[in-house]
Amino acid sequence: QERMPQTPLFAAMFDSSSYNRNLYQSKEDTCGGLYYHDNNLLSGSLEALIQHLVPNVDYYPDRTYIFTFLLSSRLFMHPYELMAKVCHLCVEQQRLTEPGLDKNWNQKIAPKILQLLTEWTETFPYDFRDERMMRNLKELAQRIASGDEMYRKNVQQLLQNLIRKLSTVSQYEEVLAKIDATSTDRLTVLKTKPQSIQRDIITVCNDPYALAQQLTQIELERLNYIGPEEFVQAFVQKDPLDNDKSCYGDQKKTRNLEAYVEWFNRLSYLVATEICMPVKKKHRARVIEYFIDVARECFNIGNFNSLMAIISGMNMSPVSRLKKTWAKVKTAKFDILEHQMDPSSNFYNYRTALRGAAQRSLTAHSNREKIVIPFFSLLIKDIYFLNEGCANRLPNGHVNFEKFWELAKQVGEFMTWKQVECPFERDRKILQYLLTVPVFSDDALYLASYESESPENHVEKDRWKMLRFVSEI
């Protein structure tokens with residue numbers, strides 16, 4: 001039995017220089033239409049690239065190619081169209097085999113096709129939320145399984161794993177919907193409860209390190225559900241060579257990326273709400289100092305997304321205008337954190353810290369040291385600019401594969417980080433609070449802020465009057 005190439009971890013997929021690209025010419029270029037330079041695959045016609053994806057008796061595509069092509073091909077065609085072409089090419093190969101060699105062909109090629117399908121279903125499972133994809137997958141799997149009892153078991157295993165993944169994501173989406181409903185239902189009107197019975201974050205969790213751990217728990221869980229293709233689908237446009245039809249249209253099967261961005265916004269508003277809510281100045285100062293400690297613990301853990309959300313919450317106008325409150329705060333630690341996440345020079349300080357965390361993660365022995373949670377909005381922005389800065393196609397109509405290596409490298413790094421298992425124990429009470437406690441809207445924050453420290457100028461006074469008037473209606 002010929003062994004398949006082992007599927008390495010994402011971290012091992014791309015070497016930092018040029019991702020083992022020289023492996024791609026592991027077969028003679030029989031289909032033509034592929035352009036190499038120094039053994040690096042730079043471009044090709046879409047048909048030739050599809051052909052390059054499909055294994056044959058002598059050839060199995062390198063894993064970095066599989067990931068890069070499956071990720072980027074959706075800019076040119078629906079995944080189900082690609083799957084149909086792959087199925088067609090596999091069937092063609094079998095049909096062209098000399099009679100009598102059919103059994104022999106099956107033994108050589110079946111494990112390779114099975115391996116390709118395994119890579120696809122494990123890395124891009126959400127593609128298979130489309131009935132057409134499932135139908136094609138089952139047909140091809142059936143063809144493989146008919147040849148041998150062992151392949152039949154492998155095929156069943158593949159389908160079971162895929163169905164389990166898809167039902168897990170459906171359950172996760174239901175939970176998210178419930179959480180959203182709970183927090184929206186309870187979007188608070190300011191100070192509806194007497195202060196004495198109003199819970200706050202410090203009563204629920206007075207240890208900043210414990211809160212940072214639970215924030216990391218939420219971050220890693222939500223990251224884990226984001227499919228790599230969601231980054232690409234965010235900027236799918238019409239393919240000019242495809243009669244102006246949109247490549248995706250109804251094809252977006254998930255919104256885990258959006259849900260994750262919403263979580264960042266919620267955390268920022270939660271921080272601002274907790275600071276603006278207390279009536280007494282010393283309580284507000286204590287909450288600010290508490291969040292500075294939480295942010296520092298997030299930085300130490302490698303959770304840059306929560307860190308940035310906390311800093312954003314503390315920099316919101318209703319919070320930053322509380323000058324008497326801030327006067328009571330020791331801000332040295334906060335200044336250091338702000339310096340770390342300073343946007344100047346394209347977030348140079350943060351990028352340096354992120355590289356350090358990524359390096360630590362590669363050599364880590366424990367899950368605790370492996371944690372890298374990037375500042376997510378910036379990651380999306382980087383990928384967006386990479387996409388905008390280079391054309392998908394070259395003037396000769398070839399697919400610009402050099403661009404897609406770069407795209408796959410960025411998304412591939414994210415894939416490594418999202419697979420880390422959270423080493424901290426879940427605390428249901430703290431998680432429940434973080435995810436469902438009501439947070440103030442912008443207006444409610446300003447109103448709370450003005451009631452804590454009076455307006456200082458005409459603009460603030462007018463706004464306060466207007467907000468009080470609206471809240472009394």
Q: Could you do me a favour and compute the accessible area per residue for the stretch 363-473, 1.4 Å probe, result in Å²?
A: 53
Q | Restraint check, LYS112/LYS165; LYS324/LYS418; LYS165/LYS370, Cα-Cα greater than 31 Å | A | LYS324/LYS418
Q: Quantify, in whole percent, the carbon and sulfur part of the accessible surface of the stretch 34-164 (1.4 Å probe; protein heavy atoms only).
A: 48
Q) Cα centroids of the stretch 215-233 and the stretch 291-329: how far apart, whole angstrom? A) 23
Q: Go through HIS458, HIS52, HIS37 and list them by solvent-accessible area, largest first, probe radius 1.4 Å.
A: HIS458, HIS37, HIS52
Q: Calculate the length of the line joining the C-alpha centroid of the stretch 346-369 to that of the stretch 38-80, in whole Å.
A: 31
(Q) With every protein chain kept in place and ligands, DNA and RNA left out, what is the accessible area per residue of the stretch 34-164? Probe 1.4 Å, answer in Å². (A) 43
Q.
Students sometimes get this wrong: rank CYS422, CYS276 by accessible area, probe 1.4 Å, all chains present, largest first.
A. CYS422, CYS276
Q. Using a 1.4 angstrom probe with every protein chain in place, what is the largest-first accessible-area order of SER73, SER320, SER345?
A. SER345, SER320, SER73
Q: Please tell me which of these pairs span more than 18 angstrom C-alpha to C-alpha: LYS282/LYS330; LYS281/LYS429; LYS282/LYS328; LYS333/LYS429; LYS85/LYS108?
A: LYS281/LYS429; LYS333/LYS429; LYS85/LYS108
Q: Within the set of other residues whose C-beta is less than 15 Å from the C-beta of LYS418, count the net charge using Lys and Arg as +1 and Asp and Glu as -1.
A: -4
Q.
Please report the carbon-and-sulfur percent of the accessible area for the stretch 338-417; probe 1.4 Å, protein heavy atoms only, DNA, RNA and ligands left out.
A. 53
Q) What accessible surface, in Å², does a 1.4 Å probe find on ASP443, ignoring ligands, DNA and RNA and rounding to the nearest 10? A) 80
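The values are calculated or read from the model by the stated rules, or taken from the named source; none is laboratory data. Predicted model, so just to flag it, every value in this text is computed and none were measured. Backbone-built Cβ (ideal geometry, glycine too); neighbour counts: all protein chains shown. Heads up: the accessible areas ignore ligands, DNA and RNA and are worked out on the full protein's heavy atoms, side chains in. Shrake-Rupley method; radii C 1.70, N 1.55, O 1.52, S 1.80 Å.
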